[in-house]
Amino acid sequence: MKAPEQIMRVVVTGPVGAGKTTFIKTISEIESIDTDRRATDEMAHLKPTTTVAMDFGRVTFGPNMALHLYGTPGQERFNFMWDILLRQAHGIVLLAPAHRPKDFFAASRLLRYARQRAPEAPLLIAATHSDLPQAWPIADILPAFGIDASESQIPTLSINATAERDVARTLIALVERYAERSNAKRIAS
Amino acid sequence: MPINYSAIQSALQEFVTSVSNVQGASIMSPDGLAIASSLPAGMEEERVAAMSAAMLALGERIGRELSRGQIERILVEGEKGYAIVSSCTEDAVLIVLTDEKVKLGVINLEVRQLIDRLRPSLTFAKTNVA
Ligand SMILES: Nc1nc2c(ncn2[C@@H]2O[C@H](COP(=O)(O)OP(=O)(O)OP(=O)(O)O)[C@@H](O)[C@H]2O)c(=O)[nH]1
Ligand SMILES: [Mg+2]
């Protein structure tokens, strides 16, 4: 008989255009589900489409674990979706576009929101677009978030969300965090 | 021809006041930005717009995934009435709110007729400036 599969729900969030839909598309084993629509607001010049409900993808992780990846919309007007998705999260990946410092504030707001909605879920920050020349180094991004990098327990990575290797590296780091927490909980109880 | 907001607005208002059991109606872009509305007091246009767009996108996606063919409408049935979301044109989505006593057959027909009336004012002219 096949061992029962453990499912870890990972929520991928971050500001508009951070690369949430791309991140999930890059790694998903099933054809990922997106709900992108043509952008008609001020973001339209940045990219043609924007997520209006959610993204979904799936990755097998070892013999008996599967990651279900849920991408949120980035636009503030869809914050009810952040709420719906974050409440179910076992782990959170916050993406911040390293090449657009203007969006760091929105990213740090989302970080606080995620912390509040899913205080138990391990979280890590991945700076996307790090392949671009104008990308900020991760060490400079955290202070912009109001986070002291030396004290922060939040793992951070610089990634290219279009590269499978980078997305895999991010998810492995998150699963490790998740496993550590579960073990710590088991010992404590 | 730019979108005629006031024509859409008055069409919605007329729909809400003249069709029985209808409590509100709103039009938004498929990416969830409000275009025009006639909504019950206290209901935020921006929020209704974002939620309707999300619901339609998710509903259409579910319809495709589960082989339901062309999606006519997405329906939320509550104790106090219905929320009915339909795609109007490529550039517009419509949500209609009714009380619980509405006859679905009647309202579906009314909504379809409203969409037909609105359609000409709802297609963004693709101005091809060379
Ligand atoms: N070079 C580079 N391009 C990226 C990276 N991540 C995303 N992109 C591109 O950035 C654009 C926006 O990516 P999306 O995945 O749609 O962004 P999103 O976060 O889902 O955006 P919303 O749904 O609107 O909030 C796309 O054209 C991607 O190809 C990256 O790490 N490097
Ligand atoms: Mg997206």
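The values are calculated or read from the model by the stated rules, or taken from the named source; none is laboratory data. Source: prediction; values computed, not measured. With ideal geometry, Cβ positions are generated from the backbone for all residues, glycine too; neighbour counts draw on all protein chains shown. The accessibility values were calculated without ligands, DNA or RNA, using every heavy atom of the protein model including side chains. Shrake-Rupley method; radii C 1.70, N 1.55, O 1.52, S 1.80 Å.
Table for the structure above
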| read-out | value |
| --- | --- |
| Cβ-defined net charge surrounding B:Pro30, 11 Å radius [Lys, Arg +1; Asp, Glu -1] | -3 |
| Chain B, dipole about Cα centre (Lys/Arg Cβ +1, Asp/Glu Cβ -1), debye to the nearest 20 | 280 debye |
| Inter-label distance, nm, simple model (7 Å from Cα along the C-beta direction), A:Lys185/A:Glu42 | 4.1 nm |
| Accessible area in the full protein assembly, largest first, 1.4 Å probe, for A:Ile24, A:Ile7 | A:Ile7, A:Ile24 |
| Within the range B:32-69, backbone nitrogen closer than 18 Å to the virtual label 7 Å beyond the Cα of B:Ser6 toward Cβ | B:35-38 |
| Most to least accessible of A:Arg177, B:Arg61, A:Arg169 (protein chains only, probe 1.4 Å) | A:Arg169, A:Arg177, B:Arg61 |
| Gap separating the Cα centres of the range A:115-189 and the range A:37-86, nearest whole Å | 18 Å |
| Carbon and sulfur %, accessible surface of the protein assembly as shown computed with the full protein complex present, 1.4 Å | 54 percent |
| Per residue value of the accessible surface for the range B:5-122 (all protein chains in place, 1.4 Å probe), Å² | 51 Å² |
| Solvent-accessible area buried by B and A, counting both chains, probe 1.4 angstrom, square angstrom | 1400 Å² |
| Cα shape, chain B, gyration tensor, a/c 1.5 rule | oblate |
